[in-house]
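Asker: Take a look at this one; I'll ask things after.
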Amino acid sequence: MYPKLERIIGESLEIWKGYLEHPFIKELADGTLPEEKFLHYLIQDTLYLREYARAFAMAMYRSTTIEEIRAFYSILAFVNDGEGSFRLDWLKREGLSTLAVDKMPMAEENRAYCSFMLEVAEQQGVEEILMAVLPCMFSYAWIFEQVAENTPDVRESKYWPFIESYISKSYADDCRAWAAFTEARLQNCTEDELHRLSDIFQKSSAYETGFWDMSYRGR
């Protein structure tokens, strides 16, 4: 359905498969992940989402049509959904507001990931920005679909509401919409351009591995 995008994702699939073997994901699925590590993840992910929105804002600035601007503007709603009730309730339980989290320092791996993403956004075009930001969105759907299918007791995990949010119909609909938008942007790309875009996608996917490493290490 999205042949060019699916090809690019396929070239990063070995990196994604590694996510499923990561102790953070495995312990998240079976409910044994220490809560302090999950809190560290939530804090760092909240800081990441701030920079993620900035990357989309830069893509909006570089857009050349109203349709494109509207498409990128919609990501603000997506980021807001990323701060759903489960996330906010967990932070609140720990005495933290998003305003308080916003003042916290970024971990080294998170800063490196965001710096890469924003460097692409500042120096390159819309297609390159999409390659830098979409591994986060698409890989979460892929990871937790795999987890839900292959971990029989995942629904008993204390983290199930978090996992469930990434396999929901609304999240799937968002992913399909962005896949269609991205595929349309890739239609006129040459083989050399597709190779270069895939390289950006792979680098961003590798930064996701670092994010899981950081999260499991904790503070």
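Asker: Run lengths n ≥ 4 of DSSP H only: what is the helix-derived mean residue ellipticity at 222 nm for the chain, with -39500 (n - 2.57) per run over all residues, to the nearest 500? Could the numbers behind the result be given before it?
Answerer: Numbers: 13 runs with 174 residues, N = 219.
Value at 222 nm, helices only, nearest 500: -25500 deg cm²/dmol.
Asker: Classify region 149-219 from the C-alpha gyration tensor, please: rounded if a/c falls under 1.5, else prolate or oblate depending on whether a/b exceeds b/c. Write down the numbers at each step before the final one.
Answerer: Details: a/c = 3.31, a/b = 1.56, b/c = 2.12.
Since a/c reaches 1.5 but b/c is at least a/b, the shape of region 149-219 is classed as oblate.
Asker: Within the set of other residues whose C-beta is less than 10 Å from the C-beta of G218, count the net charge using Lys and Arg as +1 and Asp and Glu as -1.
Answerer: Values: positive: K37, R217, R219; negative: E36.
Neighbourhood net charge equals +2.
Asker: For the chain, modelled as a Gaussian network with Cα springs under 10 Å, which listed residue fluctuates most, L118, L13, L47?
Answerer: L13
Asker: Report V120's accessible area, 1.4 Å probe, all protein chains in place, as a number in Å² to the nearest 10.
Answerer: 10 Å²
Asker: Moving on to the next point. Nearest 20 debye, what's the magnitude of the dipole of the chain about its Cα centre given +1 on Lys and Arg Cβ and -1 on Asp and Glu Cβ?
Answerer: Details: 23 positive and 37 negative charges, 104 e Å.
With Lys and Arg at +1 and Asp and Glu at -1, about 500 debye.
Asker: What size of dipole, in debye to the nearest 20, comes out for region 160-200 about its Cα centre when the only charges are +1 on Lys and Arg C-beta atoms and -1 on Asp and Glu C-beta atoms?
Answerer: Working: 4 positive and 8 negative charges, 37 e Å.
Using Cβ point charges on Lys, Arg, Asp and Glu, region 160-200 gives about 180 debye.
Asker: How do R196, R155 rank by accessible surface area computed with a 1.4 Å probe, from largest to smallest?
Answerer: In descending accessible area the options line up as R155, R196.
Asker: Cross-link partners among lysines for K169, C-alpha distance below 30 Å, same-chain residues fewer than 8 apart left out?
Answerer: Candidates past the 8-residue exclusion: K4, K17, K26, K37, K92, K158, K203.
Asker: Quick one: if you take sqrt(5λ) for each eigenvalue of the C-alpha gyration tensor of the chain, what semi-axes come out, biggest first, whole angstrom? Numbers along the way, then the final one.
Answerer: On the way: eigenvalues 155, 78, 53 Å².
Working through the eigenvalues yields semi-axes of 28, 20, 16 Å.
Asker: Here is a further query. Ignoring ligands, DNA and RNA, what percent of the accessible area of the chain is carbon or sulfur (1.4 Å)?
Answerer: 52 percent
Asker: Still on this structure: So what does C136 come to for accessible area, using a 1.4 Å probe and Å² rounded to 10?
Answerer: Estimated to the nearest 10 Å², C136 gives 20 Å².
Asker: Going by average Cβ density within 10 Å per residue, which order do the peptides 156-168, 85-97 take, highest to lowest? Could you put the intermediate results ahead of the total?
Answerer: Working: 156-168: 16.8, 85-97: 13.6.
By packing density, highest mean first, the sequence is 156-168, 85-97.
Asker: What number comes out for the charge environment of F24, summing +1 per Lys or Arg and -1 per Asp or Glu over other residues with Cβ under 10 Å away? Write out the running numbers ahead of the final one.
Answerer: Working: positive: K26, K37, R217; negative: E27, D213.
Local net charge: +1.
Asker: Skip the ligands, DNA and RNA, and give the accessible area per residue of the chain with a 1.4 Å probe, whole Å².
Answerer: On the way: 10730 Å² over 219 residues.
Spelled out: the 1.4 Å probe surface of the chain, per residue, equals 49 Å².
The values are calculated or read from the model by the stated rules, or taken from the named source; none is laboratory data. Small disclaimer: the values here were computed from a predicted structure and weren't measured. Note: ideal-geometry Cβ built from the backbone for every residue, glycine included; neighbour counts use all protein chains shown. The area values use the complete protein model at the heavy-atom level, side chains included, leaving out ligands, DNA and RNA. Shrake-Rupley method; radii C 1.70, N 1.55, O 1.52, S 1.80 Å.
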